[in-house]
Ligand code: FEO
């Protein structure tokens, strides 16, 4: 009995046999409002080869989709491109049920799978540049270390000019459609950018180098099969081009105003600052932390040129929600941003000063000394805030003009 799930034919030799996670809304701290997919692929040639598995609770869905093509016990080889558990979580159970002849992973993948699953099972290492004639097809492997784990690799199927790119060029997007050309372009760009901003930003230099390397090797990619989101069967260059652009993070005339507030004073400042930014001719996006999540802020920062952050002082420090988002952004290592701090305070007023130091530690180019207001801003204070925003807006326009 194969169960209710069906495989989807992708190319001459490849079927999609992954799982759709319609309900996931939080992927290790990043909000996934459109769910996700864990893509696995079955190569059908002289032998059956499984590329990656899925998150552990979705094992039966994976095997059901395989069973719509062949008895899963016919899988002779498994290739694990990436050991993170959304792709390897059910690998031990699949190995136990299928009993493949061989399982392949990168050298770091062999170590990572051992450290995750402690299996009494040999995993065969394939190195960067290795090729294998396996089950009637030709497969080549490129290690993509730190894109985005040390073990990551991609697998190229020469016969179909198809690249299994693991997390590369993916997005968290659950859909009934399997191909990017069947899905609304806005959803594709929005979720693609969110995925890049929240996972790949720290590795942007490596992304650029990988795209250049694939180009210099002359690898023809007609179909791009990532481990999340849709398959690119038409114009895979579209998503590759978007990744190149996102890796560059060229600043634009867009400024984010991110803040939290205790009694409304920092909020009044944020709104006056944003009016100044708008008046200077840049696009301001106001993101109050009571209603905007950290991963949405990261997404909006991907094509921004300025980050202005506001905090009240609480217990001699930064407001906790503001500290949370700064910690998150610090790890993502955004570049090419100018910025400034602002905030209200009651007596000692450390918050905005500490915030300024935190912004500098994020490598944000501080465009102005922080602006602060005691207790509640009056009309003069709000006029100063407006001018503060306008000055940063003018500076941002100069920065963008200088870079173009
Ligand atoms: Fe989709 Fe890095 O796992």
Among the residues of the range 268-279, count how many are surrounded by fewer than 21 Cβ atoms within 10 Å (Cβ to Cβ) and touching a strand residue (DSSP E or B) at 6+ places or on another chain (Cβ under 9 Å). 4
Determine whether residue 336 is closer than 27 Å to residue 253 by Cα, modelled with pLDDT of 95 or more and assigned to a loop (DSSP other than H, G, I, E, B). yes
Sole miss for residue 214 among (1) within 21 Å of the chain's Cα centre (by Cα); (2) modelled with pLDDT of 95 or more is condition (2)
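So which of 35, 23 is touching a strand residue (DSSP E or B) at 6+ places or on another chain (Cβ under 7 Å) and either crowded, with 20+ Cβ neighbours inside 10 Å or more than 18 Å from residue 162 (Cα to Cα) (or both)?
35 is the lone residue from the list that is touching a strand residue (DSSP E or B) at 6+ places or on another chain (Cβ under 7 Å) and either crowded, with 20+ Cβ neighbours inside 10 Å or more than 18 Å from residue 162 (Cα to Cα) (or both).
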Report yes if residue 133 is part of a helix (DSSP H, G or I) and away from the ligand (no atom under 16 Å from the Cβ), otherwise no. no
Do the conditions hold for residue 247, that is, is it modelled with pLDDT of 95 or more and under 30 Å from residue 351 (Cα atoms)? no
From the list 21, 26, which one is within 16 Å of the ligand (Cβ to nearest atom), under 19 Å from the mean Cα position of the chain (by Cα) and without any contact (Cβ under 8 Å) to a residue 24 or more places away in the chain? 26
Residue within the range 148-158 that is over 15 Å from residue 49 (Cβ atoms), within 16 Å of the ligand (Cβ to nearest atom), buried (at least 18 other Cβ atoms within 10 Å of the Cβ) and at pLDDT below 95 present: yes
Among the listed residues 401, 333, identify the single one that is in contact with a helix residue (DSSP H, G or I) (Cβ under 9 Å, 6 or more places away or on another chain), over 23 Å from residue 268 (Cα atoms) and surrounded by fewer than 16 Cβ atoms within 10 Å (Cβ to Cβ). 333
Only one of these conditions is not met by residue 201: (1) surrounded by fewer than 17 Cβ atoms within 10 Å (Cβ to Cβ); (2) within 25 Å of residue 335 (Cα to Cα). Which number is it? (1)
Residue 230: within 19 Å of residue 12 (Cα to Cα), under 14 Å from the mean Cα position of the chain (by Cα), crowded, with 21+ Cβ neighbours inside 10 Å and at pLDDT 95 or above, yes or no? no
Take the residues in the range 62-115 that are within 16 Å of the ligand (Cβ to nearest atom), in a loop (DSSP other than H, G, I, E, B) and more than 20 Å from residue 139 (Cβ to Cβ); name whichever of them is farthest from the chain's Cα centre (by Cα). 90
Considering each of 344, 348 in turn, give the residue that is surrounded by fewer than 17 Cβ atoms within 10 Å (Cβ to Cβ), on the phi < 0 side of the Ramachandran plot and either in contact with a strand residue (DSSP E or B) (Cβ under 8 Å, 6 or more places away or on another chain) or assigned to a strand (DSSP E or B) (or both). 348
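The values are calculated or read from the model by the stated rules, or taken from the named source; none is laboratory data. Note that the structure is a prediction, hence the values are computed from the model and not measured. When we count neighbours, we look across all protein chains shown, and the Cβ atoms used for this are built from the backbone with ideal geometry, even at glycine.
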